[in-house]
Every structure is written in structure tokens, then in C-alpha cells.
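Trainee: First the structure, which I've put down as C-alpha cells, then a few questions once you've had a look.
The values are calculated or read from the model by the stated rules, or taken from the named source; none is laboratory data. Here the structure is a predicted model, which means the values were calculated and not measured. Cβ coordinates were reconstructed from backbone atoms using ideal geometry, including for glycine residues, and neighbour counts include every protein chain displayed. Remember, those area values only see protein heavy atoms, side chains included, never the ligands or the DNA or RNA. Shrake-Rupley method; radii C 1.70, N 1.55, O 1.52, S 1.80 Å.
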Amino acid sequence: MTSVLEIDKLTVSFSTPDGAVEAVTDVSLSVEAGECLGLVGESGSGKSQTFMAAMGLLADNATANGHIRLDSMDLLSASEKKLNTVRGERIAMIFQDPMTSLTPHMKIGRQLAEVLIEHQGVDKETGRRRSREMLDRVHIPEAERRLDMYPHELSGGLRQRVMIAMALMCEPEVIIADEPTTALDVTVQAQILDLLTEVKDDLGAAIVLITHDLGVVAGLADRVAVMYAGRIVEQGTVADIFAAPTHPYTQGLLACTPRLDVETEALVTIAGQPPNLQNLPSGCSFHPRCPHVFDRCKAERPSLENLSNGQAKACFRAAQEAAE
Amino acid sequence: MSDAPIRDSRPGANLSVPNAAALDKAADVEGRSLWQDAFRRLQANRAAMISAIVLIVMAFVCFVGPVLVPWSYEEIDWDILEATPPNFDTGHYLGTDSLGRDLLARILQGGQVSFLVGILATSVALVIGVTVGATAGFMGGRVDQVLMRFVDVMYAVPLMFFIIILMVVFGRNFYLMFLAIGFVEWLTMSRIVRGQTLTLKNKEFIEAARASGGSTASIIARHIIPNVLGVVIVYVTLTIPQVILLESFLSFLGLGVQPPMTSWGALIAEGAQEMEITPRTLILPAVCLSTTLFCFNFLGDGLRDALDPKDR
Amino acid sequence: MNEPFLQVRDLKVHFPVRTGGLFVGQYTPLKAVDGVSFDLNPGETLGVVGESGCGKSTLGRAVLQLIGATDGVVSWLGTDLTSLNKKELIAARENLQIVFQDPLASLDPRMTAGDIIAEPLRNYRPTLTKAGRRKMVEDMMERVGLLPRMINRYPHEFSGGQCQRIGIARAMILRPKLVICDEPVSALDVSIQAQVVNLLMDLQRDFGLALLFISHDLAIVRHISHRVLVLYLGKVMELADKAALYATPRHPYTQALLSAVPIPDPTKERNKDRILLTGDLPSPINPPSGCVFRTRCPRATSVCAETVPELESAGEGQEVACHHWQD
């Protein structure tokens with residue numbers, strides 16, 4: 001097993017006027033070449049911030065501790081200059097909203113070519129040719145004409161394709177897709193998911209898929225990590241997580257998602273509200289909402305422990321039941 | 001922290017907004033309104049708080065001080081009749097001006113005029129500006145077109161010229177000056193209020209108010225005005241120093257208050273003529289004026305940060 | 001079945017969009033809603049689904065007359081809402097309420113939760129005493145799952161799910177007969193969505209209200225609705241009972257929509273047949289001739305470009321607007 005990107009005990013905290021807030025706590029993850037890791041969590045769970053830290057794109061009031069290694073290089077301690085040679089070239093990111101992540105006043109072709117000119121020093125002509133090839137590859141019709149268009153002239157779906165093309169320009173080892181289809185309509189989302197599957201299959205890059213949508217993860221990911229209140233609560237292969245989730249939060253999340261394939265009588269809910277990061281519950285952060293809570297959960301925080309099948313979870317329940 | 005997944009990807013954005021610190025604390029039942037939040041942030045801003053205190057002290061001294069000063073601002077000390085340095089025996093604590101009038105009394109009186117102009121002229125601007133802006137913004141359509149074109153035309157008139165003509169035609173009247181300056185300053189206010197009203201008008205909570213059976217008048221009173229107020233307050237604190245400066249400029253040109261009454265601008269003008277002989281007569285009023293302007297600007301900036309923490 | 005109490009007939013909402021002209025503007029109508037008809041019965045939920053820009057939100061607002069209709073009839077208990085004047089309309093709205101998508105944006109940030117929920121009472125029950133109003137607000141807060149002691153808190157102090165509960169409490173406090181839910185859960189986290197959906201269904205059962213549930217999420221619509229209306233570019237593609245629509249979708253667009261929804265089950269999700277639509281939504285300013293869906297339809301033929309398909313019956317409780325639904 002060769003992991004391309006390895007996150008080791010990452011903690012990200014933000015200093016706010018109301019005190020420090022820890023958005024990511026003690027997260028360790030690794031992604032292997034050719035695999036797709038799905039990172040699932042609700043808003044405020046820290047799923048985006050984890051990989052923002054890897055890209056060196058954290059907000060100014062943030063501090064990150066731990067290690068994020070790309071091969072042997074530690075991205076957290078790397079200088080901005082060194083990061084710039086890595087970003088776009090070896091790690092690329094696809095954002096949720098393509099309208100805000102493309103420069104509005106620059107033509108598509110130039111934005112794409114710029115990536116190559118910056119990282120590989122190719123001339124303008126090669127840059128344009130390869131940009132066109134890349135647009136073809138992400139199935140944008142009339143690629144030549146699109147090169148001379150501005151982002152606002154394209155539809156949401158096409159813009160997201162351009163974003164993907166841009167991420168693929170330098171054939172990166174790691175692609176981080178942060179909610180790549182959340183802003184899109186279902187029919188367009190289906191198109192983009194198909195494209196991502198295709199990219200994954202023939203590029204051999206590691207893909208990190210950050211999303212709140214379990215359906216998207218089910219279709220694309222090989223492994224899944226579930227985050228809650230800044231920590232990973234469960235991790236495993238996609239088949240295991242969906243077939244036999246062991247953490248009560250994962251179980252709840254799967255149960256409360258309305259599904260198109262089965263008729264449900266009443267939706268199961270997870271009680272309560274998402275936790276406030278400024279004022280996390282004691283012990284296990286999930287305990288106020290957990291249906292199986294017992295005393296130990298309120299006092300002690302469970303750590304992420306490996307199970308026999310490669311799955312890992314942070315929950316006392318099994319141990320407690322075994323003891324009883 | 002927001003629940004909306006759409007906002008999730010902004011780095012740190014959903015973390016920086018102070019949220020319910022302890023919704024589940026039983027004791028903490030009273031909510032904290034945005035005003036209280038803003039006031040708390042303002043209190044944390046040291047420069048703004050010091051400025052506010054300095055302004056209050058200065059205003060207090062200007063309005064109460066003259067009672068304690070042995071000389072009045074128009075009284076000429078016939079024993080002196082020239083500029084003298086500070087002398088505690090005669091009661092001229094800051095000395096006299098070239099006519100032998102007490103400088104301290106005159107600075108205090110000038111301060112009164114400057115503060116009054118600042119507040120009254122800004123009030124005129126506030127009333128006209130908010131009325132026109134809110135009407136134009138909320139009614140939209142033709143009303144908006146007409147009012148805003150009128151504002152455009154007013155912008156095109158050289159306003160200093162306009163004031164000077166007013167002063168020449170109607171004579172130098174203390175209250176006319178307030179009105180004239182107010183008429184000049186309302187234009188920007190009306191544009192700001194109109195813009196705010198336009199954005200508010202399309203907010204969902206206005207639609208919700210309409211769906212809840214609110215009439216136009218009640219929507220403006222209950223929802224639009226309280227929400228525009230924050231921006232207006234900021235703009236008012238930033239308009240006051242502008243107005244004071246405008247008055248000083250008019251007085252400097254000799255178009256402001258009528259002697260023997262004076263203002264800081266007029267004092268600076270007098271002092272400037274004698275700055276080689278008695279720099280004191282220039283420096284003291286100038287320091288007062290700049291301190292006031294400085295404090296108002298600091299307070300305005302602080303208010304803006306406090307009321308609108310996201311737009312910093 | 002009772003006499004239908006909401007009848008919408010051939011409703012059209014067109015917005016003029018400036019498309020040219022230097023001084024005198026040239027305007028082209030943007031047909032946000034173009035000839036939509038449906039009935040709604042007491043206690044029933046009609047789901048309205050469609051992608052962004054299909055006019056589903058405009059439809060909801062036009063039913064309440066928050067947006068004026070260009071043409072057509074919205075008949076509420078026999079009265080045509082489009083013909084009422086301002087005063088009569090305000091009176092009629094007592095029974096018609098709306099829950100919005102963005103929970104925070106739909107609450108006035110400078111009012112307390114209690115004041116927000118009480119606003120309809122202040123407008124429609126002016127004789128109520130302050131204490132009586134407070135009592136009703138507290139009862140309603142309790143009913144929607146908010147602690148009544150939070151009555152003096154401000155919207156920014158609540159989480160998104162709680163804000164949506166405030167919005168629901170405001171809509172329900174007058175015990176209306178019809179509530180329009182405009183994407184009420186799409187801005188919420190998954191674990192909160194289920195809570196809000198369950199709350200809406202509970203309230204509907206208890207108060208016997210009719211819901212017009214607008215959403216882009218087909219799974220949630222399936223869960224909450226009795227009947228479903230599928231919109232595309234302002235036109236009805238299919239209108240059917242829930243069971244029929246999800247079991248045997250007739251319109252190619254409905255079929256594509258259903259097949260595009262990701263299923264949280266890796267085996268099913270990876271092995272299902274997806275009907276991929278090509279291209280994007282055409283511009284509503286310049287919609288395709290004939291059937292508006294034909295540019296993306298896998299079954300389109302020449303007849304689709306020429307004639308607009310009418311809604312026709314495609315089995316018990318199912319109507320479809322397609323020339324080729326039987327193919």
C-alpha cells in the first residue's frame with residue numbers, strides 16, 4: 001500500500017472574537033493512488049477544513065498542527081513558494097461553486113493555459129492546444145469555441161466541467177473535490193458524477209470526495225470516513241460502511257436520509273441539533289444525540305480504534321455491550 | 001456556523017460568526033440582539049471607545065465651560081487690546097486674541113457652534129435623506145426614477161457655490177447655514193438608504209412579512225427601518241465631521257458665523273493672519289478641530305466594524 | 001373526496017426581461033410559469049419537483065399572489081385570488097401561509113423569535129391581549145419543538161434547523177388551511193432535514209392542512225407527498241399519484257430525473273441504469289418550440305418540435321404531457 005497523501009494527527013483551530021474554535025481535531029487519514037476516499041459530514045464537521053489545510057488555503061485566523069505529507073514533503077511546514085509548486089501541479093482542487101472559483105474576467109482558454117504555463121513552462125500555443133484537448137476530454141462540446149468564452153457565458157454544469165479540466169491539466173496525483181455537485185441540478189449532477197467516475201478510472205489519481213450526500217459517496221468512493229464535530233468517528237470500505245455501519249452517528253445518518261429506492265413509513269431522525277464547536281459536549285461529542293448513550297460516553301472520549309476488517313470507529317458501545 | 005451546505009466551503013467563514021454560545025444553558029434565557037452584540041464589539045474597540053469619551057468630554061466642556069470662565073467670548077479686555085500670552089492674574093487662562101478677547105472663551109464658544117452645526121445639519125440631512133431614500137427604494141418604479149434623477153441633478157450643481165449664493169442672497173444667518181449644509185449632505189445619505197432598502201426589499205423576511213398579512217406601512221416601520229438604521233448610524237457619525245469641516249471652511253472664507261460670534265473655522269482664519277506673531281491663536285483652535293474630527297472618524301469606523309462585522 | 005378547495009387553472013407568470021433597445025427598452029417575456037393547472041384537496045400534499053429555473057418557486061408565490069399572475073385563475077374556496085384588490089388579498093392570506101427555503105434569511109434579524117412568530121397574530125388578531133398573544137406563541141413554539149423559554153432570543157442565536165422551526169411556527173400560528181413549503185429543508189443538514197420533514201407531516205395530520213411542497217429533492221418529495229407535479233421550464237411534464245409516478249414514470253424527463261438521483265447504497269448505485277440527459281436547461285427567454293423538453297429528450301422526433309403536447313391521461317391518477325409516452 002502506497003499512500004500518496006497522508007494526514008497525521010491534524011488539528012485546525014480558528015481564533016475568533018469569542019475564543020478559539022477547533023474545527024478539526026486529531027484527524028489522521030491517508031489516500032492511496034487510484035483510490036477515491038469519501039469524506040462525509042454535515043456542515044461544521046470540519047471535512048472541508050481538513051483538506052483546506054492540505055492545500056494551504058486556510059483562512060488567516062487559522063492555525064494547523066500535525067503533519068500532512070505528500071510523499072515525503074510536509075505540506076503544513078512548507079513555504080508558500082514551495083506550496084505553489086505543488087498546488088495545481090501535484091494536488092488539485094475542485095470547488096463547490098465554479099462561478100466563484102473561476103476568475104470572472106478571464107477567458108476560459110487563458111485560465112486553463114495559465115496553469116500549464118505556470119507549472120510546466122510551456123508556450124502559449126501549446127497551452128491553448130492542450131487546454132482544448134482537456135476540454136474535449138471532459139466532454140465539453142465545441143471546445144475550440146469555449147476557449148474564448150468567459151465563465152459567466154457557460155452554464156453551471158459546463159463551468160464545473162471546466163473546473164475539472166483545470167484540475168486535470170497537470171495530471172495531479174491527488175484531486176480534492178469539495179462538494180463538486182452540491183450546487184448543481186440532479187440531472188447535471190449525474191453527468192458530473194459520470195465524468196468523475198471516468199476520470200478516476202483512467203487517470204489513476206487519488207481522489208478525495210468531500211460531501212454531505214451519502215448517495216454521491218455510494219456511487220464514487222472506495223473508502224469512506226465519517227466526520228462529526230471535527231473528528232473522524234468511523235472509517236471503512238464503502239461496502240462495509242453502507243452495509244454495516246457501526247457508529248451510531250453513521251447509522252443515524254443512513255437511516256434519516258430519505259431514499260428513492262425504498263418506501264419509508266416515518267423517517268428516522270437523529271435527535272437534537274448539530275454541536276456548537278465553541279461549546280462541545282464532554283466525552284464523546286455525539287453523546288447528547290446518541291440513542292445508545294451510557295455514562296462512560298459523557299465522561300470519556302472514545303478514540304478511533306481499528307476493527308478486524310479494516311473498519312475503524314470511535315465508540316464505546318461494542319465494548320460496553322461485551323462487558324455486560 | 002450555518003446549516004446550509006452551500007456555505008460550507010468558505011474557509012473558516014462559518015466559524016467566525018459568533019453563535020449561540022450556550023443555547024442549552026437554562027439560566028441564559030434572554031436573547032442578545034444584534035444591537036447588543038454590536039455594542040459589545042464597540043466596547044472592545046479601544047480607539048472607538050476613547051474617541052467617544054473624548055467627544056463627550058469636549059462637548060461637555062464646550063457647553064458648560066463658558067459659565068466657569070471669567071470672560072465671555074465677546075467681551076474685550078480694554079486693559080489689554082492686543083494678543084497676550086496666558087496670564088492667570090487677569091483670568092485669561094489661554095491668553096487673548098489681537099483684540100484682547102479671551103481666547104479660551106472664544107474656543108469654547110467656537111466649539112459650541114461646531115458641535116451644533118455638526119448635529120443639526122446632519123439631522124437635516126438625515127431626515128431628508130432617509131425619507132427620500134426609503135421612499136425611492138421601497139416604492140421603486142417611477143417614483144424611484146424621479147427622485148434619483150433629482151439627486152443626480154443636485155450632485156451636478158457645484159454645492160459650495162450654491163451655499164455661497166444662498167449666504168449672499170439671504171444674508172449670513174446662523175440657522176440658514178445649518179439648513180444649507182444639511183441640504184448639501186442629504187444626497188449621499190439618500191443614495192445609501194435607497195441602496196439598503198433595495199437589498200432589504202428582496203430579502204425573504206420581507207416577503208414573509210407580506211405573507212403574514214403586513215401592510216406596506218407596517219413593513220416599512222417594523223422591518224425596513226430597524227434594518228437600515230445600522231448603516232445610517234455609521235453614515236451619520238461619518239457625516240458629522242464632514243459637516244463641521246464644511247462649516248469651518250465657510251467660516252474660514254468669512255461666510256460662516258457673524259462676528260463677534262465665532263467658530264473653530266473662524267478662529268483658525270483669524271489665527272492664520274497672526275501665526276507669525278502669536279502661533280497660539282492658530283494652533284489651539286486647530287488642535288481642537290482636528291481632535292474632534294479625528295475622534296468622529298474613529299468612532300464611525302468603530303461603529304461600522306461593530307454593526308457590520310462581515311464587511312470589514 | 002371533498003370539493004377541491006384550491007384550483008389552479010392555466011396559471012401563467014411572465015416576467016418582462018430587457019433584451020435590447022438603447023433608450024426605449026425591448027422586452028421579451030420570461031415564461032417562468034406557463035400554463036400550469038392543478039387541484040389541491042384539504043389535508044393533501046402536492047409535491048412540486050423540478051430543477052432550478054423550472055418555475056417551481058414562482059408557482060408557489062403566484063398561488064399566494066406574492067407575485068402577480070400574468071394570466072390564469074387561482075381559485076381559493078371558490079374565490080379567484082387574482083381578481084382581489086390589496087385589502088381583500090391580505091384578508092384571504094390569513095388561510096394561506098408560506099415556509100421559505102433559507103431559514104435565516106426569512107427571519108428579520110432584529111426581531112426576537114417571539115415577535116417573529118407573533119407577527120401574523122398582530123396583523124390578523126389585533127384584539128388579542130399581549131398575554132394572550134404570548135401564550136399562543138409559547139404553545140406554538142412547544143408544538144414545533146422549540147423551548148418556549150427561548151422566546152426572547154434572536155434568529156442568529158439559533159441553528160439553521162431551529163430557525164426553520166421558527167419559520168414553520170410563524171406559518172402555522174393562524175392555523176391556515178394551506179401552507180406552501182418552498183424548499184423548506186434544502187438548506188438544512190441531512191440529520192436536521194428528517195426532523196423538519198417529520199414535523200411538517202405531524203402538523204399536517206394534526207391541523208388537517210394542505211401542503212404545496214416545492215423541492216428539487218425527489219426522495220423527500222416521495223416521502224411527504226400524496227401527488228407529485230413535475231415541472232420543466234414552467235410547464236407541467238407529469239402530474240401523478242405518488243405511487244404511480246415513482247413506480248411507472250411515464251414522461252422521459254421524469255424517468256431521467258428519477259434515474260439521476262444517487263442512492264445511498266453502493267451496490268445499487270453502481271449497477272443502476274442511468275438515463276443521462278445531454279446538455280443543459282435551455283434559456284427560458286427563448287424556450288424550444290413545441291415540447292420544451294425536446295432538446296434534451298432521448299425520444300424526441302419531428303412532431304415534438306411542431307406541436308406542444310397536452311396533458312393526457314396515462315392510467316389511473318396519472319397525467320403526462322408527451323407525444324411518445326407510450327413508446
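Trainee: Does at least one position in segment C:86-95 carry a residue that is closer than 18 Å to C:ALA187 by Cβ and touching a Pro at 6+ places or on another chain (Cβ under 6 Å)?
Mentor: Within segment C:86-95, none of the residues are closer than 18 Å to C:ALA187 by Cβ and touching a Pro at 6+ places or on another chain (Cβ under 6 Å).
Trainee: I've got another one for you. Determine, yes or no, whether A:VAL233 is within 10 Å of chain C (Cβ to nearest Cβ), farther than 22 Å from A:GLU171 by Cβ and either surrounded by fewer than 22 Cβ atoms within 10 Å (Cβ to Cβ) or touching a strand residue (DSSP E or B) at 6+ places or on another chain (Cβ under 6 Å) (or both).
Mentor: The answer is no for A:VAL233.
Trainee: How do the pairs read when you match residues in segment A:136-155 that are within 17 Å of A:ALA113 (Cα to Cα) with residues anywhere that are of a type in the set (Gly, Ala, Ser) and surrounded by fewer than 15 Cβ atoms within 10 Å (Cβ to Cβ), using Cβ under 6 Å and keeping only pairs 6 or more apart or on different chains?
Mentor: Note: no pairs meet the criteria.
Trainee: In addition: Specify which of the listed residues (C:GLU319, C:GLU310) is open to solvent by 10 Å² or more (accessible area, probe 1.4 Å), part of a loop (DSSP other than H, G, I, E, B) and of a type in the set (Asp, Glu).
Mentor: The unique qualifying residue is C:GLU310.
Trainee: If you don't mind, there's one more thing I want to ask. Quick check on this structure: which one of B:PRO260, B:PRO285 is more than 13 Å from the chain's Cα centre (by Cα) and open to solvent by 10 Å² or more (accessible area, probe 1.4 Å)?
Mentor: When all the criteria are applied, what remains is B:PRO260.
Trainee: For residues in segment C:256-280 being hydrophobic (A, V, I, L, M, F, W, C) and either open to solvent by 60 Å² or more (accessible area, probe 1.4 Å) or more than 7 Å from chain A (Cβ to nearest Cβ) (or both), which is nearest to A:ALA190 (Cα to Cα)?
Mentor: C:LEU276
Trainee: In addition: Hey, could you check segment A:166-211 for residues that are open to solvent by 10 Å² or more (accessible area, probe 1.4 Å) and among the hydroxyl-bearing types (Ser, Thr, Tyr) and say which is farthest from A:ALA92 (Cα to Cα)?
Mentor: A:THR182
Trainee: Among the residues of segment C:104-127, is any under 17 Å from the mean Cα position of the chain (by Cα), more than 14 Å from chain A (Cβ to nearest Cβ), within 30 Å of B:LEU307 (Cα to Cα) and open to solvent by less than 60 Å² (accessible area, probe 1.4 Å)?
Mentor: Within segment C:104-127, one or more residues are under 17 Å from the mean Cα position of the chain (by Cα), more than 14 Å from chain A (Cβ to nearest Cβ), within 30 Å of B:LEU307 (Cα to Cα) and open to solvent by less than 60 Å² (accessible area, probe 1.4 Å).
Trainee: Which of the residues spanning segment A:267-280 are more than 16 Å from A:GLY252 (Cα to Cα), more than 9 Å from chain C (Cβ to nearest Cβ) and open to solvent by less than 50 Å² (accessible area, probe 1.4 Å)?
Mentor: The answer is A:LEU277, and nothing else.
Trainee: Return the residue satisfying two criteria in turn: it lies in segment A:27-41 and is open to solvent by 10 Å² or more (accessible area, probe 1.4 Å) and in a loop (DSSP other than H, G, I, E, B), and of such residues it is nearest to the other protein chains (Cβ to nearest Cβ).
Mentor: Among those that are open to solvent by 10 Å² or more (accessible area, probe 1.4 Å) and in a loop (DSSP other than H, G, I, E, B), it is A:GLU35.
Trainee: In addition: Out of the residues in segment A:254-266 that are free of Cβ contacts under 8 Å to residues at least 12 places away in the same chain and open to solvent by less than 30 Å² (accessible area, probe 1.4 Å), which is farthest from C:VAL197 (Cα to Cα)?
Mentor: Per the stated criteria, the residue is A:LEU260.
Trainee: If you take the residues in segment C:76-103 that are assigned to a strand (DSSP E or B) and not acidic (Asp, Glu), which one is farthest from the other protein chains (Cβ to nearest Cβ)?
Mentor: Looking at the filtered set, the residue picked out is C:THR79.
Table: residues versus (1) open to solvent by less than 30 Å² (accessible area, probe 1.4 Å); (2) at positive phi; (3) of a type outside the set (A, V, I, L, M).
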{"site": "B:ASN227", "(1), (2), (3)": "yes, no, yes"}
{"site": "B:VAL232", "(1), (2), (3)": "yes, no, no"}
{"site": "B:ILE277", "(1), (2), (3)": "no, no, no"}
{"site": "B:LEU289", "(1), (2), (3)": "yes, no, no"}
{"site": "B:PHE296", "(1), (2), (3)": "yes, no, yes"}
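Trainee: Please specify each residue of segment B:129-146 satisfying the condition of being of a type outside the set (Asp, Glu), in a helix (DSSP H, G or I) and open to solvent by less than 30 Å² (accessible area, probe 1.4 Å).
Mentor: Scanning segment B:129-146 gives B:GLY129, B:VAL132, B:GLY133, B:ALA134, B:ALA136, B:GLY137.
Trainee: Considering only segment C:240-285, how many residues are within 29 Å of A:VAL224 (Cα to Cα) and assigned to a helix (DSSP H, G or I)?
Mentor: Of the residues in that region, 11 qualify.
Trainee: Please return the ranges of helices (runs of 4 or more DSSP H) entirely within segment A:192-293 where 2 or more residues are within 21 Å of C:VAL221 (Cβ to Cβ) and in contact with a Pro (Cβ under 7 Å, 6 or more places away or on another chain).
Mentor: A:214-220
Trainee: Collect the residues in segment A:166-191 that are part of a helix (DSSP H, G or I) and within 23 Å of A:MET55 (Cα to Cα), keeping them in residue-number order.
Mentor: Listed by number, the residues that qualify are A:MET166, A:ALA167, A:LEU168.
Trainee: Looking at segment A:214-227 only, could you name the residues that are at the interface with chain C (Cβ under 10 Å from one of its Cβ atoms) and buried (at least 21 other Cβ atoms within 10 Å of the Cβ)?
Mentor: Of everything in segment A:214-227, those that are at the interface with chain C (Cβ under 10 Å from one of its Cβ atoms) and buried (at least 21 other Cβ atoms within 10 Å of the Cβ) turn out to be A:LEU214, A:GLY215, A:VAL216, A:VAL217, A:ALA218, A:GLY219, A:LEU220, A:ALA221, A:VAL224.
Trainee: Looking at segment B:258-268, can you tell me whether even one residue there is in contact (Cβ under 8 Å) with a residue 60 or more places away in the chain, assigned to a helix (DSSP H, G or I), under 30 Å from B:ARG172 (Cα atoms) and of a type outside the set (A, V, I, L, M)?
Mentor: Yes, because at least one residue in segment B:258-268 is in contact (Cβ under 8 Å) with a residue 60 or more places away in the chain, assigned to a helix (DSSP H, G or I), under 30 Å from B:ARG172 (Cα atoms) and of a type outside the set (A, V, I, L, M).
Trainee: OK, next. Quickly run through segment A:81-94 and pick out the residues that are over 21 Å from A:GLU32 (Cα atoms) and open to solvent by less than 60 Å² (accessible area, probe 1.4 Å).
Mentor: none
Trainee: Can we say C:ASP217 is more than 8 Å from every other protein chain (Cβ to nearest Cβ), surrounded by fewer than 23 Cβ atoms within 10 Å (Cβ to Cβ) and not basic (Lys, Arg)?
Mentor: No.
Trainee: Further question: Give the residues of segment C:33-75 that are open to solvent by less than 10 Å² (accessible area, probe 1.4 Å), of a type in the set (A, V, I, L, M, F, W, C) and in a strand (DSSP E or B), sorted by residue number.
Mentor: The answer is C:VAL33, C:VAL36, C:PHE38, C:LEU40, C:LEU46, C:VAL48, C:VAL49, C:VAL74.
Trainee: Still on this structure, please answer the following. Hey, C:TYR232 hits all of (1) open to solvent by less than 60 Å² (accessible area, probe 1.4 Å); (2) within 13 Å of chain A (Cβ to nearest Cβ); (3) more than 17 Å from C:ASP34 (Cα to Cα); (4) at pLDDT 90 or above but one; which does it fall short on?
Mentor: Of everything listed in (1) open to solvent by less than 60 Å² (accessible area, probe 1.4 Å); (2) within 13 Å of chain A (Cβ to nearest Cβ); (3) more than 17 Å from C:ASP34 (Cα to Cα); (4) at pLDDT 90 or above, C:TYR232 misses just condition (3).
Trainee: So, one more: A:ARG159 - would you say it is under 12 Å from A:LEU102 (Cα atoms) and either open to solvent by 80 Å² or more (accessible area, probe 1.4 Å) or in contact (Cβ under 8 Å) with a residue 12 or more places away in the chain (or both)?
Mentor: In short, yes.
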